[in-house]
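Chemist: Please find one structure pasted underneath; my questions will follow.
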């Protein structure tokens, strides 16, 4: 049982480049979410999804897009990377009812 | 807007001590509260989940309590060990379908 899997673990981009962070879970969880973690700011919610075909914005959605075509996958897209998006990104999932949240290992992104 | 505060921000104690980490939140209308552990460069690992109707949860040497009316939770670690060294994060789940609100964590060092 792999849990929540994120790829890549590390990525360096130049300003203006685009990329997709991948997230997959094998626990059949309805709810999936993306957070970013920055020093002194804690974890902040970017986007979340309560099921396939349904997404919504969190606290800091600007500059990021998401989609949820399957229950298992929830990719996060950066359309035009900016230095302010340098951060560690975490994907997390849980059952829809208020339950334990499971996190991936994180993706460390640097934008130059 | 929900705000979560963790005190202290950092703590260093000798091995074997019992210790208490504190978490407070401003809006008592929560579904649950979750304590996580984060090791350097790693993702978050769930330690304990307390539903809003519960007063405490225990797992091994860890005990977490919840006083929803006063907006407080404590994580009690008994007989601390060097392997307990990590950052401990508290997070609350509100009434909506969005994500958890996190505190900024307590960085714990257990001296051998």
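No lab work stands behind these numbers, since they all come straight from the coordinates. No experiment lies behind these values; they were computed from the predicted model shown. Using ideal geometry, Cβ is built from the backbone for each residue, glycine included, and neighbour counts are taken over all protein chains shown.
Chemist: Could you tell me what percent of the DSSP beta bridges with both partners in chain B are antiparallel, to the nearest 5?
Modeler: Restricted to chain B, the bridges split so that about 90 percent are antiparallel.
Chemist: Relative contact order, percent, of chain A when contacts are C-alpha pairs under 8 Å separated by at least 6 residues?
Modeler: Worked out over chain A, it gives 36 percent.
Chemist: For the protein assembly as shown, what is the Kirkwood hydrodynamic radius in Å, using each pair of distinct C-alpha atoms?
Modeler: 18.0 Å
Chemist: When the chain is fully extended, how far beyond the present Cα-Cα distance does residue B:39 get from residue B:3, taking 0.36 nm per residue of separation?
Modeler: Numbers: separation 36, 0.36 × 36 = 12.96 nm, distance 2.35 nm.
Result for the pair: 10.6 nm of gain on full extension.
Chemist: Mind running the shape call on chain B? Use the C-alpha gyration tensor, a ≥ b ≥ c as the square roots of the eigenvalues: rounded below 1.5 for a/c, prolate if a/b tops b/c, oblate otherwise.
Modeler: Details: a/c = 1.99, a/b = 1.67, b/c = 1.19.
The shape class here is prolate.
Chemist: Which whole-percent values make up P(r) of chain A when all C-alpha to C-alpha distances are grouped in 10 Å steps starting at zero?
Modeler: P(r) for chain A, in whole percents per bin: 15, 51, 29, 5.
Chemist: For A:19, A:41, what ranking results if the residue with the fewest other Cβ atoms within 10 Å of its Cβ goes first?
Modeler: Ranked by crowding around the Cβ, least crowded first: A:41, A:19.
Chemist: Which order do B:85, A:84, A:49 fall in if you start with the one that has the fewest other Cβ atoms within 10 Å?
Modeler: In increasing order of surrounding Cβ atoms, one gets A:84, B:85, A:49.
Chemist: Could you state the number of Å between the C-alpha centres of the range B:39-94 and the range A:26-89?
Modeler: Each part reduced to its Cα centre gives a spacing of 25 Å.
Chemist: Can I ask one more? Residue by residue through A:26-35, how many Cβ atoms from other chains fall within 10 Å of the Cβ on average?
Modeler: 1
Chemist: A further question follows. What does the average come to when, for each residue of peptide B:26-38, you count the partner chain Cβ atoms lying within 10 Å of its Cβ?
Modeler: Partner Cβ neighbours, averaged per residue: 2.
Chemist: Could you give the length gained by full extension between residue A:14 and residue A:2, i.e. 0.36 nm per residue of separation minus their alpha carbon distance, to one decimal place?
Modeler: 1.2 nm is the gain from fully extending residue A:14 to residue A:2.
Chemist: Here is a follow-up. Give me the one-decimal nm value for the distance between modelled label points at residue A:96 and residue B:53, 7 Å along each residue's Cα-to-Cβ direction.
Modeler: Between residue A:96 and residue B:53, the label points sit 2.0 nm apart.
Chemist: Right, something else. Peptides A:28-37, B:45-54: what's the order by average Cβ count within 10 Å, highest mean first?
Modeler: Numbers: A:28-37: 22.1, B:45-54: 16.7.
Packing proxy ranking, top to bottom: A:28-37, B:45-54.
Chemist: Can you pull the mean other chain C-beta count within 10 Å for peptide A:55-63?
Modeler: On the way: counts 0, 3, 1, 2, 4, 0, 0, 0, 0.
If you average over the peptide's residues, the count of other-chain Cβ atoms is 1.
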